[in-house]
Amino acid sequence: MTEHPGSIHDGRKIETTADHVQGRNAWLEALIGIFGAPRQSFEIIRSRNPWLAPLLLLVAGSAALAMASAPLGLQVMRNQLTERLPGNPEQVEAMMAQFEQTAAAARGVAIATGPLTLALGLAVQTVFVWLLAIALQGRLRFAQSLSLMVHLGVITHLKGWANFLLLHVRGTDAIRSQLDLQAPMGLDLLLAGDSATLNVVYASINPFTIWSLALLALGAATVFEVPQRKAWLLAAIYWAAATAFTAATTGLAARLMPT
């Protein structure tokens, strides 16, 4: 039985082409795998660390969410003016016309600077997790940490859309301050009080955060190759730091802004 002289070469060429196609689609497999097969997704992140394509999707989704949510900020102003100027709808409408002009310009700036803000936030998270993994003696490259945090950012983005939908389900008339733009979806449903700082802590315990932290622990064990116990420690430290930062900034904002 004879073999065509080019058969071995052709077989290697086909195998190389298949690997190349798989490499081009690795980012999509990793992104989809976050929802259905996280271990497979984290293996791709560990070996190929894709980050650019999912980051671009996050930027596009964040811009869309910002545009969709823009009217909610104006609704806050309308509700506040209606309460402070009862019986003066003409004056409320005149003031709202001025606010809408200013808001349109601010919205353009926000959309233009949104990608930079998102990138800076992800950069801080990436560096923090990277340093934590190093402290826990993990084996990693910086690109692996970046890829992991970009993919987990999809969960946070979904939480933003869930918040948007919940606000509309509750009714925009219930939005009386900027703090009301965060719909309760965690322990804050049961334990919310007068303290904005404590409410942030309660709100941080919600299905999306628990989902994200569980994936962070699993991802740290797979991508950074740290023991499971240390991976959960990394996730717990990350949650505590992120919650403390958000609570501090929210508490400061609550003191500065009128309610």
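The values are calculated or read from the model by the stated rules, or taken from the named source; none is laboratory data. Keep in mind that this is a model prediction, so the values were computed, not measured. Because the Cβ atoms are built from the backbone with ideal geometry, glycine has one as well, and the counts that use them run over all protein chains shown.
Note on region 149-201: among residues that are surrounded by fewer than 17 Cβ atoms within 10 Å (Cβ to Cβ) and acidic (D, E), the one that is modelled with the lowest pLDDT is D173.
If A135 satisfies all but one of (1) in contact (Cβ under 8 Å) with a residue 24 or more places away in the chain; (2) out of contact with any Ser or Thr (no Cβ under 7 Å at 6 or more places or on another chain), what's the number of the condition it fails? Of (1) in contact (Cβ under 8 Å) with a residue 24 or more places away in the chain; (2) out of contact with any Ser or Thr (no Cβ under 7 Å at 6 or more places or on another chain), only one is false for A135: (1).
T222 passes every criterion in (1) within 23 Å of P184 (Cβ to Cβ); (2) hydroxyl-bearing (S, T, Y); (3) touching a helix residue (DSSP H, G or I) at 6+ places or on another chain (Cβ under 7 Å) apart from (1).
Out of all the residues in region 44-57, which are closer than 14 Å to A143 by Cα and assigned to a helix (DSSP H, G or I)? Show your work before the answer.
Keep residues of region 44-57 that are closer than 14 Å to A143 by Cα, which gives 44-55.
Selection gives I44, I45, R46, S47, R48, L52, A53, P54, L55.
Sort out which residues of region 151-187 are of a type in the set (S, T, N, Q) and in a helix (DSSP H, G or I), and write them in order of number.
The initial filter retains those residues of region 151-187 that are of a type in the set (S, T, N, Q), namely 156, 163, 172, 177-178, 182.
If the condition is that a residue be of a type in the set (S, T, N, Q) and in a helix (DSSP H, G or I), then T156, N163, T172, Q178 are the ones that fit.
Matching residues to (1) under 27 Å from L166 (Cβ atoms); (2) in a helix (DSSP H, G or I); (3) in contact with a strand residue (DSSP E or B) (Cβ under 7 Å, 6 or more places away or on another chain):
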site: I205; (1), (2), (3): yes, no, no
site: F208; (1), (2), (3): yes, yes, no
site: L215; (1), (2), (3): yes, yes, no
site: R229; (1), (2), (3): no, yes, no
site: T243; (1), (2), (3): yes, yes, no
site: A247; (1), (2), (3): yes, yes, no
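Please indicate, with yes or no, whether at least one residue in region 139-148 is touching a Leu at 6+ places or on another chain (Cβ under 8 Å), assigned to a helix (DSSP H, G or I) and loosely packed, with under 15 Cβ neighbours inside 10 Å. No: region 139-148 contains no residue that is touching a Leu at 6+ places or on another chain (Cβ under 8 Å), assigned to a helix (DSSP H, G or I) and loosely packed, with under 15 Cβ neighbours inside 10 Å. A residue that is surrounded by 17 or more Cβ atoms within 10 Å (Cβ to Cβ), under 21 Å from the mean Cα position of the chain (by Cα), at pLDDT below 95 and not aliphatic (A, V, I, L, M) cannot be found anywhere in region 225-234.
Within region 8-57, if we keep just the residues that are among the hydrophobic types (A, V, I, L, M, F, W, C), modelled with pLDDT under 90 and more than 26 Å from L116 (Cα to Cα), the residue that is farthest from the chain's Cα centre (by Cα) turns out to be I8.
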